[in-house]
Amino acid sequence: MKSIEIRINEDSRIPKYKQIVDSIIADIAKGKIKIGVKIPSINELSESCYLSRDTVEKAYKNLKERKIIESVKGKGYYTTKTDLISKLNIFFLVNKPSTYKMEIYNSFVDAIGINAHVNMYIYHCDEYLFINALERNLGAYDYYVIMPHFRDINSNHVSYTDDVIKIVEKIPKDKLIMLDNTKPIIKGKYGTIYQDFKKDIYNALKEGLEKIRKYEKIILVYPTKSANPYPRRILHGFQQFCQEYDFDFEILEEIYEDMELTSKDVYIAIQERDLVNLVRQVRSNNLILGQDIGIISYNETPLKELLGITVISTDFKAMGESAAYMVLKNKKESVKNVFKYIERNSL
């Protein structure tokens, strides 16, 4: 059994058990510790590194939970984490498992290619799950690709909290790629591909101004109490557009059953269930979509293209590809992602 060199920095505020975990993972990733080999027992490592048995035991427990090592009864501990020996190991943290976020992830994986291993985690806009996922995996990956979107106690969208900023600051900036949402106060030079939610919706609606003008009122269906809330900057950009171009407008929480549908209204639906409910009611009232009632949907999908729904949308595929490019080329740039107005028959 080859001895393991554990690097402990006595001056660091990082807990000793965490330094053991980081050291072992780093050596596996670099090939210094081979997969399937026996590593020292808790007592052996405790004695050789002058650490308490409890500290080493906590480190080994963490490594076992992450399936990096396993214990074989009567024999000892062995390394098992084969995916850590990939050329690149990437931690991909997503706020929700929506069609759009999966498109970003899939385009990222496709663009990265076969010489990398990407582990995806979903935190469901929950601050605690986000922080816990990062804390458990700091030091284990070559890159951290994260999408920061959270909900507060009132189910409103929050881009960051103090605790989120603290944990993000612990990620080495040369290993950090931030997607979809960014925070300028985070120190250092890191990669980011972001949406400008306020300007994006304003500019997209401005692009469709000629068609929108044939309607008398614009109605934004903006859910404020959602498990996966949307940035309020969308709301602000919509209000700015309506005020500058003198449109009568209204903001609804959802598409209700038995809506009072009025000819010459145009709706902007953010959530797909509202889009489906609205289209159903337009048809049941024998109204003509694109003439009596206009519909614009937020975020593109193949189904909306098939149904002829006008959309305003960021380019999710481009976002994933840009993130992969930054990883592969080791770029640290701030890039605003492409946002498009796609006109179809519903307007």
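The values are calculated or read from the model by the stated rules, or taken from the named source; none is laboratory data. Please read these numbers as outputs of a predicted model, since none were measured by experiment. Backbone-built Cβ (ideal geometry, glycine too); neighbour counts: all protein chains shown. Note: accessible area is taken over every heavy atom of the protein model, side chains too, but ligands, DNA and RNA are not part of it. Shrake-Rupley method; radii C 1.70, N 1.55, O 1.52, S 1.80 Å.
Can you list the residues, at least 5 places off or on another chain, whose amide H is less than 5 Å from the amide H of Leu93, using H built in the peptide plane?
Tyr121, Val145, Ile146, Met147
Considering only Cα-Cα distances, which of the following residue pairs are longer than 19 Å: Lys30/Lys75; Lys18/Lys61; Lys30/Lys101; Lys96/Lys340?
Lys30/Lys75; Lys30/Lys101; Lys96/Lys340
Express in % the proportion of alpha carbon pairs of region 29-73 at distances exceeding 16 Å.
43
At 1.4 Å probe radius, can you tell me the per residue accessible area of the chain in Å²?
For the chain, the per-residue accessible area is 50 Å².
So in the chain, what percent of DSSP beta bridges are antiparallel if you round to the nearest 5?
If we restrict to bridges inside the chain, about 25 percent are antiparallel.
Could you work out the helix-only [θ] at 222 nm for the chain, with each DSSP H run of four or more residues adding -39,500 (n - 2.57) and the total divided by the number of residues, to the nearest 500 deg cm²/dmol?
When only DSSP H runs of four or more count, the value is -11000 deg cm²/dmol.
Compute the projected area of the convex hull of the Cα atoms of region 189-303, averaged over all viewing directions, and report it in nm² to one decimal place.
Approximately 8.7 nm², given one-decimal rounding.
Rg and Dmax of region 111-217, Cα atoms, in Å?
Answer for region 111-217, Rg first and Dmax second: 17.6, 56 Å.
Give me Rg/Rg_expected for the chain, where Rg uses Cα atoms only and Rg_expected = 2.2 N^0.38 Å with N residues.
Ratio of Cα Rg to 2.2 N^0.38 Å: 1.23.
Could you give the spread of the C-alpha atoms of region 279-325 along their three principal axes, from largest to smallest, in whole angstroms?
49, 14, 12
Measure nothing fancy, just the Cα-based angle from helix 127-137's long axis to the longest principal axis of the chain, in degrees from 0 to 90, nearest 10.
Taking Cα atoms only, the helix is inclined about 30 degrees.
Quick one: compute the contact order of the chain, relative version, from alpha carbon pairs under 8 angstrom and 6+ residues apart, as a percent.
Numbers: 618 pairs, mean separation 52.8, N = 347.
Reported as a whole number, the value is 15 percent.
Which number gives the lysine pairs in region 262-335 that have C-alpha atoms under 27 Å apart and are eight or more places apart or on different chains?
Number of lysine pairs found: 5.
Explain nothing, just compute: Karplus ³J(HN,Hα) = 6.51 cos²θ - 1.76 cosθ + 1.60, θ = phi - 60°, for every residue of region 268-274 in order, whole Hz, x for Gly and Pro.
Each residue of region 268-274 in turn: 10, 9, 8, 8, 5, 5, 5 Hz.
Provide, as a two-decimal number, the C-alpha radius of gyration of region 1-145 over 2.2 N^0.38 Å, N being how many residues it has.
So region 1-145 has a normalised radius of gyration of 1.14.
Treating the beta-carbon of each Lys and Arg as +1 and of each Asp and Glu as -1, no other charges, what is the dipole magnitude of the chain about its Cα centre, to the nearest 20 debye?
The dipole of the chain has a size of about 1700 debye.
Using the Karplus curve 6.51 cos²θ - 1.76 cosθ + 1.60 with θ = phi - 60°, what ³J(HN,Hα) values do you get for each residue of region 249-257, in whole Hz, with x for Gly and Pro?
With the stated coefficients, region 249-257 comes to 9, 8, 10, 10, 6, 6, 8, 7, 5 Hz.
For Glu65, Glu169, give me the order by solvent-accessible area with a 1.4 Å probe, most accessible first, ignoring ligands, DNA and RNA.
Ranked from most to least accessible, the order is Glu65, Glu169.
Which cross-chain or sequence-distant (5 or more) residues have an amide H under 5 Å from the amide H of Ile33, H modelled 1.01 Å from N in plane?
Answer set, sorted by chain and number: Ile28.
Going by amide H atoms built from the backbone, whose H comes under 5 Å of the H on Ser41, apart from near neighbours?
Sorted by chain and number, the residues that satisfy this come to none at all.
Ordered by residue, what ³J(HN,Hα) values in Hz, to whole numbers, does region 102-109 give under the Karplus form 6.51 cos²θ - 1.76 cosθ + 1.60, where θ = phi - 60° and Gly and Pro are x?
These are the phi-based 3J(HN,Hα) values: 5, 5, 4, 4, 5, 5, 5, 4 Hz.
Report the equivalent ellipsoid semi-axes for region 154-195 in whole Å, largest first, defined as the square roots of five times the eigenvalues of the gyration tensor built from alpha carbon atoms.
19, 13, 7
Using +1 on the beta carbon of Lys and Arg, -1 on that of Asp and Glu, and nothing else charged, what's the dipole of region 31-77 about the Cα centre, debye to 20?
Here region 31-77 has a charge dipole of around 280 debye.
Mean-square fluctuation check for the chain, GNM, Cα pairs under 10 Å: which of Asp22, Asp180, Asp163 is largest?
Result: Asp163 has the largest fluctuation of those listed.
Over the chain, with every protein chain in place, what whole percent of the accessible area is carbon and sulfur at 1.4 Å, could you tell me? Spell out each step's value before the answer.
On the way: 8240 of 17230 Å².
On the chain, the fraction of accessible area on carbon and sulfur atoms equals 48 percent.
Pick from Met259, Met147, Met120 the residue whose mean-square fluctuation is largest in a GNM of the chain, springs joining Cα atoms under 10 Å.
Result: Met259 has the largest fluctuation of those listed.
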